Amino acid sequence: MTDRARATSRRKPPAIRVFMASAALFLVALAFISYQLAQGKDPALGASVAKVYKPKRPVVTVRKVVKRRVITTVVPAPSSSVSTPVSSGSAPTSSYSAPAPVAVAPAPAPAPVTASS
């Protein structure tokens, strides 16, 4: 037989055999990579990701209600029986009377406290 005859007499492997061998090799590689990921050894991320996650302490927000109150004291006008006002010659005489106290409405009730994160 000549070389040409040997080359043409060689047969191709069946398509199903090639497909099954490729699928088996793919599944072996997939199983190997899955095992590595399950062990925490991700080849794409490196060894630094395998650290144990330590959660941070939660942030606590303290809300305080600050109420500012202004207290005014009304001073009564001086009575005329105790002393007489002294007037200078050209100034008109008038008695000073304090303004009437203003009624202030009470502040509205604070909003209910709700827990939110």
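The values are calculated or read from the model by the stated rules, or taken from the named source; none is laboratory data. Since the model is a prediction, treat every value here as computed from it, not as a measurement. Please note: Cβ atoms are built from the backbone with ideal geometry, for glycine as well, and neighbour counts cover all protein chains shown.
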Worksheet item: Out of curiosity, is Val62 outside any helix (DSSP H, G or I), farther than 30 Å from Ala103 by Cβ and at pLDDT below 65?
Response: no
Worksheet item: Name the pairs: first residue in region 8-22 and modelled with pLDDT under 95, second residue part of a helix (DSSP H, G or I) and of a type in the set (A, V, I, L, M, F, W, C), Cβ to Cβ under 9 Å, at least 6 apart or on different chains?
Response: Lys12/Val18; Pro13/Ala21
